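Next up is a structure, given as structure tokens.
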Amino acid sequence: MASPEEALDVKALPKIELHAHLSGSISRQCLHEVWLRKKAAGETDLEDPLVVMPPGKHDYDLKTFFPLFSSYIYNLVNDEWALTYTTTRVLQDFADDGVVYLELRTTPRALGPLSKADYVRRILDAIAAFESSSGARLRTRLILSVDRRNTPAQALEVVDLCRAFPRAQVVGIDLCGDPARGGIEALSPAFEAARAVDGLGMTLHFAEAECSGSEAELDLLLGWRPDRIGHVIHVGERARRAIVERRGMGLELCLSCNVHAQMITGGFEAHHFGEWWKVDGCVPVLCTDDVGVFGSPLSNEYRLVAQHFGLTKDDCCKLARKAIDVIFGGEEEKERLRKIMW
Ligand code: IMP
Ligand code: ZN
């Protein structure tokens with residue numbers, strides 16, 4: 001007889017992904033293809049992505065992870081063609097994994113002649129082209145990220161970009177970046193301005209590392225009134241109570257990322273998903289964070305919670321559907337998802 005996990009086809013299960021960074025979601029094979037083309041055109045001196053990030057290597061920790069972007073991936077995905085090519089492939093990968101709704105996040109970057117607004121526009125164009133031609137059920141919305149290393153003016157620029165694009169396309173703002181980087185009080189004006197933008201959702205990387213889990217920082221972040229928070233690892237009793245009291249806050253939990261990056265100890269069994277998934281008053285959502293780096297597609301995250309926390313097929317379906325409550329994509333999209341996911 002099939003065990004409950006075997007009975008659930010995790011790939012076929014329609015799923016919602018709410019925490020995926022565009023540049024971190026590009027597969028190594030796709031980066032390799034970009035590299036091949038640039039190498040042939042004499043446009044890059046970088047080493048082959050399959051050498052820099054060997055297949056099967058997923059143990060990037062917080063020290064080695066962030067330079068991967070600033071020193072490597074950003075130098076490869078550095079023009080309009082590469083941006084469109086990689087975005088389209090990321091969408092295809094999520095669609096192939098059974099994702100039906102994706103909130104993709106990215107930090108706007110100027111790429112040569114492309115301004116930050118052009119960068120966002122090209123990604124939205126790639127999303128629109130994918131939706132009209134692929135036949136996939138996947139719908140994608142964009143979240144724009146403020147990096148912790150951004151200046152207050154750069155953070156405000158991200159808010160302006162959120163404002164400039166229609167809510168049907170850009171649905172939220174995020175705070176990401178190296179958690180070892182302090183000084184985020186300076187970003188408060190930007191997040192307060194973002195809170196005032198009609199219909200714009202807010203999600204924040206929250207208590208990802210011990211150094212970013214102080215009561216002062218968590219109070220500051222909760223003071224920006226986020227709708228969702230990501231990772232939620234180093235939270236004390238006070239922050240935990242505050243989260244639950246908010247009622248309905250989305251918790252973007254990323255098991256493989258946290259385990260591979262050694263952000264938690266004790267492996268999958270020790271992951272705080274085990275504490276949160278039954279807590280009334282918040283909405284835990286399984287997410288991949290950076291599937292290109294950590295190698296675990298969303299379907300596998302469902303397999304992992306079934307394996308390590310004993311979720312039944314029914315539990316997994318309920319968990320997947322519950323995410324509808326905390327998407328930023330609006331009522332019409334929620335209705336579409338209810339039809340697909342029941
Ligand atoms: P991008 O914003 O599309 O370029 O995606 C890559 C960026 O996302 C990185 O430079 C990081 O700043 C950010 N990022 C990816 N994963 C994490 C994470 O786990 N914590 C904080 N920031 C992250
Ligand atoms: Zn993240």
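Within the bounds of region 286-297, is there any residue that is modelled with pLDDT of 95 or more and more than 27 Å from residue 26 (Cα to Cα)?
no
A further question on this structure: When you check residue 235 against the structure, is it modelled with pLDDT of 95 or more and touching a Cys at 6+ places or on another chain (Cβ under 8 Å), yes or no?
Working: modelled with pLDDT of 95 or more: yes; touching a Cys at 6+ places or on another chain (Cβ under 8 Å): no.
Judged against the criteria, residue 235 is not a match.
Return the residues of region 53-75 that are touching a Phe, Trp or Tyr at 6+ places or on another chain (Cβ under 6 Å) and either away from ligand 2 (no atom under 16 Å from the Cβ) or free of Cβ contacts under 8 Å to residues at least 60 places away in the same chain (or both); say none if nothing qualifies. Before you say what the answer is, go through the steps one by one.
Within region 53-75, the subset touching a Phe, Trp or Tyr at 6+ places or on another chain (Cβ under 6 Å) is 58.
Matches in region 53-75: none.
Further, regarding this structure: Those residues that are in a loop (DSSP other than H, G, I, E, B) and within 15 Å of ligand 1 (Cβ to nearest atom), I need them from region 105-126; list them, please.
107, 108, 109, 110
Another question about this same structure. Restricting to region 313-342, name every residue that is closer than 18 Å to residue 136 by Cβ and out of contact with any Cys (no Cβ under 9 Å at 6 or more places or on another chain).
Selection gives 320, 327, 329, 333, 336, 337, 339, 340.
Here's a follow-up. In this structure, does residue 166 turn out to be part of a loop (DSSP other than H, G, I, E, B), touching an Asp or Glu at 6+ places or on another chain (Cβ under 6 Å) and not β-branched (Val, Ile, Thr)?
Details: part of a loop (DSSP other than H, G, I, E, B): yes; touching an Asp or Glu at 6+ places or on another chain (Cβ under 6 Å): no; not β-branched (Val, Ile, Thr): yes.
Answer is no for this residue.
Just wondering, is there one or more residues in region 232-248 that are buried (at least 18 other Cβ atoms within 10 Å of the Cβ) and under 22 Å from residue 107 (Cα atoms)?
yes
In the set 39, 57, 63, which member is within 16 Å of ligand 1 (Cβ to nearest atom) and surrounded by fewer than 18 Cβ atoms within 10 Å (Cβ to Cβ)?
Result of the check over 39, 57, 63: 63.
Looking only at region 80-104, which residues are of a type in the set (Asp, Glu), assigned to a helix (DSSP H, G or I) and out of contact with any Ser or Thr (no Cβ under 7 Å at 6 or more places or on another chain)?
80, 96
Pairs needed: first member in region 236-257, farther than 18 Å from residue 326 by Cβ; second member anywhere, modelled with pLDDT of 95 or more and within 14 Å of ligand 1 (Cβ to nearest atom); C-beta distance under 6 Å; at least 6 residues apart or different chains.
Pairs found: 256/294; 256/296; 257/289; 257/294.
Looking at region 12-34 only, could you name the residues that are under 19 Å from the mean Cα position of the chain (by Cα), surrounded by fewer than 24 Cβ atoms within 10 Å (Cβ to Cβ) and part of a loop (DSSP other than H, G, I, E, B)?
14, 22, 27
Report every pair of residues separated by at least 6 positions or lying on different chains whose Cβ atoms are under 8 Å apart, first residue within region 88-114 and without any contact (Cβ under 8 Å) to a residue 60 or more places away in the chain and within 23 Å of residue 167 (Cβ to Cβ), second within 16 Å of ligand 2 (Cβ to nearest atom) and part of a loop (DSSP other than H, G, I, E, B).
Pairs found: none.
The values are calculated or read from the model by the stated rules, or taken from the named source; none is laboratory data. From a predicted model like this one, the values you see are computed outputs, not experimental measurements. Glycine also receives a Cβ, built like all others from the backbone with ideal geometry; neighbour counts cover every protein chain displayed.
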